[in-house]
1. Given a Förster radius of 41 Å and the C-beta distance between D147 and I80 as r, what FRET efficiency does 1/(1 + (r/R0)^6) yield to the nearest 0.05?
2. Hey, quick one: spin label on R41, modelled 7 Å out along Cα-Cβ, who in the stretch 54-90 has an amide N within reach, i.e. under 17 Å?
3. To the nearest 500 deg cm²/dmol, what mean residue ellipticity at 222 nm is calculated for the chain from DSSP H runs of n ≥ 4 alone, each contributing -39,500 (n - 2.57), summed and divided by the residues?
4. Can you give the FRET efficiency to the nearest 0.05 for W57 and M98, using r as the Cβ-Cβ distance and R₀ = 30 Å?
5. Can you give me the relative contact order of the stretch 42-151 as a percent, contacts being Cα pairs under 8 Å and 6 or more apart?
6. Only Cα pairs within less than 10 Å get springs; with that Gaussian network setup on the chain, which residue of S42, S68, S76 has the largest fluctuation?
7. Subtracting the Cα-Cα distance from 0.36 nm times the residue separation, let me have the gained length for A50 to I15 in nm, one decimal.
8. Taking each pair of different alpha-carbon atoms in the stretch 82-149 once, compute 1/r for the pair, average those values, and report the inverse of that mean as the Kirkwood hydrodynamic radius in Å to one decimal.
Amino acid sequence: MAKKRKKSSRKKSPIAVTIIAVAIVVLFLIRLYQVFEPLIRSNVFQSGLAGPFFTGWKLTAMGKILLSSITYLVLSLAGIVVLIGFLRLHRWSWVLLMAWTGISLVISLVDYFYTRANYAVMASNVIIAFALNMTDVQQIFGIRRRDEPTL
């Protein structure tokens, strides 16, 4: 005798929500790598933080490494907070994720022009941006009403 499954009262989220969640996890792992890689390369964990971090108004090499690691750490932690809210389908998470994606794209573009490009981050951000702008995703998060016409 087969048991019947109870119907869930929760809305079924579109596949785009799952794709965005996977992309956020990928970005989290990449950003976490970017936190530790320069610190390991400059032997910070063996010899500690050795200043100075500024010479006049400019950052030293160690200052740039530390600033870069702190920036990527903030992005990583923000990504986790956004992911939790996003999986719970909170409206604020959609707004925050859109802003977070924009900031991450700006940082990726700066990296592209001044250091080395990280194409995995750029691709993940583009996928997230396109998926966030899908009509069904915006409707689930309350960004767009169901009766609102699409362009």
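Please treat every number below as a calculation from the coordinates, not as lab data. Note that this is a predicted model, so its numbers are computed, not measured. Virtual Cβ from ideal backbone geometry, glycine too; neighbours counted across all protein chains shown.
1. On the way: r = 35 Å, r/R0 = 0.85.
Between D147 and I80 the formula returns 0.75.
2. Counting backbone N atoms under 17 Å from the label point, the list is 60-73.
3. Values: 6 runs with 102 residues, N = 151.
One gets -22500 deg cm²/dmol as the mean residue ellipticity at 222 nm.
4. Working: r = 34 Å, r/R0 = 1.12.
That pair, W57 with M98, gives E of 0.35.
5. On the way: 59 pairs, mean separation 17.8, N = 110.
Answer for the stretch 42-151 is 16 percent.
6. Of S42, S68, S76, the most mobile in the Gaussian network model is S42.
7. Working: separation 35, 0.36 × 35 = 12.60 nm, distance 4.77 nm.
Taking A50 through I15 to full extension adds about 7.8 nm, to one decimal.
8. Details: mean 1/r = 0.0775 Å⁻¹.
Taking the inverse mean of 1/r over all distinct Cα pairs, the stretch 82-149 comes out at 12.9 Å.
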